[in-house]
Amino acid sequence: ALCQGNGCKEYRIVMAIEDGAPVPGVHGAWVTEEEGGLITWVLQKGQPLLLRDAEREVMPVAPRRIGPPSRSWLGVPMEVGGQVRGAVVLQAREAYVFDEGDLTLLEAMARQVGVALSSVRMAQETARRDAILEALADVSQRLLAPAALGEVLPGVLARLGEAAEVSRCYIFENHEGPDGVLLMSQRYEWAAPGITPQIDNPELQNLPYVASGFARWAETLGAGKPIHGLVAEFPAAERAILEPQDIISIAVVPIFVGQRWWGFIGFDECIRERAWSLAEIETLRSAAGILGAAFARREAEEAERRQRLVAEALQDIALSLASTLSLDELLDRILANARRVAPSDRASLMLIEGDVARVVRVSRYEELGLNPGAQGVSLRISETPNLAYMMQTRQPMLIPDVRAFDGWVNIPETAWVRSYAGAPIESQGKVVGFINLDFGHPGAVPPDFLPTLQAFAAQVGAALTNAQLYRSLEASSARAKQLAIDLLHAQEIERQAVARQLQEQMGPALTTLRSDLELLQGHLPPDVAEDVRAQVVEARGLVEQAATRTRDLSLNLRPPLLDTLGLVPALREYLTQFAHRTRLQVEFITTDGAVKVPSEAALALYRIVQEATTNISRHAQAKRVQVSLQAGPQALALHIEDDGVGFDVQAVLAKGSTRRGTGLVGMRERAAALGGRFQVVSQPGRGTRLEVTVPLPAEAPAGPAEKTAA
């Protein structure tokens, strides 16, 4: 059972299995808090519950039967991201079926499922963030097309909405009413299939922020901050507008054109509740920054139609932003394009650190025979009038003659400068630096150049935001990879613990029980009833089956040969048992068994073989399987090939929800955790080949190949 919403007021039974088949009417059913009974108690209390005999024990709440009747009941909560998000429940018609040992095993399983769901959720967030980042480059290019914005923006919103996996994506523009009141109106919209569009909703045109109850939006968005969350938690006045649009979750990001709050871009989720991660919000803010830069550029084009050269330069700048996210490369490109916008004698970029602006890039120093030492120069903003003005007003600045400017800071590196143009660089609603253009003679900058420079600075701000986001993404990817490694370690620890419990507790107990039954069978009186004798024989057989299954389960969880003799003997034993169990022809080709494989690599490769052969037995309809393990000078190569029906690899990985799809992802993660490579080659009707290569320590020797038929 998985919760829906906060507090587990409603949950869905995502899996209900009895005797190997889904339970009709229960499997996939939605259950409210009032209908939930014992399951709701486990979800809301976050505590396990064991009922050995439901007809005789006192229960914490009255049960609500939603499936077949049961007398034994066992349920444990499942945590995802530190919160109870579901429960795993076992039921039996007979009493005293479950005990404390079953509770311990079920809790271990629930922990693994919770960790897996956390990993899946993080992977989904990362995938959405990656998709949005990929969309940004495409969006940048679309916005640079010569077509009118009204023709381009619908496609832009569709690209962003599909990448963010939302129901709607739209743009609102701010404007003033006749009385000077700040209004907002929806201008563009994309809606997913099956979602009702709102572009023709009259309530979303000329909507006053304050009078309509959205004063909070005006204050927050105007300050450059986003608004996001569940609509059910928003103020009542806002809900009155949002809920009729079927919006469950929403994210709204301000769009700035220069220093002016132009409007906002919004993302609606109308199907399910959605929590917006910080990384997703920052990615959407980057999209808003690109849109703001595009609007600024288009406004500049409309006002400066004569400056075709300037417009072309801005286009080239935006293309460069779309082609790289490396900050160093971006800064170099920015300066090169700055001189293309205005043929200055020198261009420089300054970034703000506290109250200090430091020169981080300069252009055309050495080629002009000038002292390149200006790179690294720092100026205190409060003591530098031109920088202080741009910082406070967020406006560009023109100085026709620096010698006539009261307060110009003279330093040896800039003694040759006679005129100056600068603009503040804004990122995420605040000034983060300055772009400076210096000229060797006075009056070199035309007064109407400042709007163009401001638009260019907006592109610089978008570049810095993208570069920072890229670094954040790299760090997030590293954390996600480490999480996958930690998950694999946690799974192995749990497997080892369960295997130890089976070996040390269940195994001896079943052995003792089998011996007692054997002794009992031998001491039955000759005149005992035949049905009693048959029951003893049957019980002995059941115990022997349980002992065999317990031993097999323990070996699968943690094969002892892997720890004692190493990877090759463990694989040979496993494949022999696999061939016996499945009746498949299994061939094992390997280098000499003396190859030294690190324990982590051995365990990962063993698990990959387990997962791959399990997939083959379940899905491939194969007759023959070949497993090859070859050690080279620097790497260990594992190949697994079958002659089965094959499959469409991309389709299976795209779904990601099938047993085979999750198995492939798990194998890829194990190989990646070792710094290795994982590849699947398959086509429908042509079998499947898995190739895994992992690095080996330099001292690991490789012997001659040997072939074994299992």
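Look through the range 277-301, keep the residues that are open to solvent by 10 Å² or more (accessible area, probe 1.4 Å) and farther than 19 Å from residue 263 by Cα, and return whichever of them is modelled with the lowest pLDDT. This residue is 301.
Restricting 587, 600 to those that are at pLDDT 80 or above, within 30 Å of residue 614 (Cα to Cα) and surrounded by 12 or more Cβ atoms within 10 Å (Cβ to Cβ) reduces the list to 587.
Quick one: how many residues across the range 618-642 are at negative phi and surrounded by fewer than 18 Cβ atoms within 10 Å (Cβ to Cβ)?
Taking the range 618-642 first, the residues at negative phi are 618-620, 622-642.
Subset that is surrounded by fewer than 18 Cβ atoms within 10 Å (Cβ to Cβ): 618, 623-624, 626, 628, 630, 632-635, 637, 639.
Here the count works out to 12.
When we screen 592, 563 for residues that are part of a helix (DSSP H, G or I), at pLDDT below 85 and acidic (Asp, Glu), the only hit is 563. Conditions first: (1) farther than 16 Å from residue 461 by Cβ; (2) touching a residue at least 60 places away in the same chain (Cβ under 8 Å). Residue 380 passes all but one, so which condition is the exception? It fails just one condition, (2). Scanning the range 261-279 for residues that are acidic (Asp, Glu) and outside any loop (DSSP other than H, G, I, E, B) returns 268, 269.
So in the range 389-418, with the set limited to residues that are assigned to a loop (DSSP other than H, G, I, E, B) and among the basic types (Lys, Arg), which one is nearest to residue 445 (Cα to Cα)? Walk me through it before giving the result.
Here is the first cut: in the range 389-418, the ones assigned to a loop (DSSP other than H, G, I, E, B) are 394-396, 400-401, 405-411, 415-418.
Okay, now just the ones that are also among the basic types (Lys, Arg), so 394, 418.
Values: 394: 19, 418: 11 Å.
So, considering only residues that are assigned to a loop (DSSP other than H, G, I, E, B) and among the basic types (Lys, Arg), the one nearest to residue 445 (Cα to Cα) is 418.
Going residue by residue through the range 342-353, is there one that turns out to be at pLDDT 85 or above, over 20 Å from residue 445 (Cβ atoms) and open to solvent by less than 50 Å² (accessible area, probe 1.4 Å)? Yes; the residues of the range 342-353 include at least one that is at pLDDT 85 or above, over 20 Å from residue 445 (Cβ atoms) and open to solvent by less than 50 Å² (accessible area, probe 1.4 Å). If you go through the range 424-464 and keep only what is buried (at least 21 other Cβ atoms within 10 Å of the Cβ) and aromatic (Phe, Trp, Tyr), you end up with 434, 439, 456.
Only residues that are touching a helix residue (DSSP H, G or I) at 6+ places or on another chain (Cβ under 9 Å) and small (Gly, Ala, Ser): list them for the range 149-169, please. Scanning the range 149-169 gives 155, 163, 164, 167. Scanning the range 622-633 for residues that are outside any strand (DSSP E or B) and modelled with pLDDT under 90 gives 632, 633.
In the set (1) surrounded by fewer than 18 Cβ atoms within 10 Å (Cβ to Cβ); (2) modelled with pLDDT under 85; (3) under 25 Å from residue 260 (Cβ atoms), the condition left unmet by residue 404 is number (3). The set of residues in the range 198-246 that are touching a residue at least 40 places away in the same chain (Cβ under 8 Å), more than 18 Å from residue 185 (Cβ to Cβ) and assigned to a loop (DSSP other than H, G, I, E, B) comprises 223, 224, 225, 226, 246.
Scanning the range 12-55 for residues that are closer than 19 Å to residue 103 by Cβ and either of a type in the set (Phe, Trp, Tyr) or in a strand (DSSP E or B) (or both) turns up 41, 49, 50, 51.
With respect to being over 23 Å from residue 271 (Cα atoms), modelled with pLDDT of 80 or more and assigned to a strand (DSSP E or B), residue 60 falls outside the description.
Consider the range 252-276 and keep the residues that are buried (at least 21 other Cβ atoms within 10 Å of the Cβ), hydrophobic (A, V, I, L, M, F, W, C) and in contact with a Lys or Arg (Cβ under 9 Å, 6 or more places away or on another chain). The one that is farthest from residue 157 (Cα to Cα) is 253. Scanning the range 1-21 for residues that are modelled with pLDDT of 75 or more, open to solvent by 50 Å² or more (accessible area, probe 1.4 Å) and within 31 Å of the chain's Cα centre (by Cα) returns 15, 17.
Answer with yes or no whether residue 387 is over 43 Å from the mean Cα position of the chain (by Cα), free of Cβ contacts under 8 Å to residues at least 60 places away in the same chain and surrounded by 13 or more Cβ atoms within 10 Å (Cβ to Cβ). Steps first, please.
On the way: over 43 Å from the mean Cα position of the chain (by Cα): no; free of Cβ contacts under 8 Å to residues at least 60 places away in the same chain: yes; surrounded by 13 or more Cβ atoms within 10 Å (Cβ to Cβ): yes.
Against the criterion (over 43 Å from the mean Cα position of the chain (by Cα), free of Cβ contacts under 8 Å to residues at least 60 places away in the same chain and surrounded by 13 or more Cβ atoms within 10 Å (Cβ to Cβ)), residue 387 does not qualify.
Among residues of the range 96-133 being in contact with a Lys or Arg (Cβ under 8 Å, 6 or more places away or on another chain) and open to solvent by less than 30 Å² (accessible area, probe 1.4 Å), the one that is modelled with the lowest pLDDT is 114.
The values are calculated or read from the model by the stated rules, or taken from the named source; none is laboratory data. Predicted model only: the values in this text are computed from it and were never measured. Glycine gets a Cβ as well: all are built from the backbone with ideal geometry, and neighbour counts include every protein chain shown. All accessible areas refer to the heavy atoms of the entire protein, side chains included, with ligands and DNA or RNA removed. Shrake-Rupley method; radii C 1.70, N 1.55, O 1.52, S 1.80 Å.
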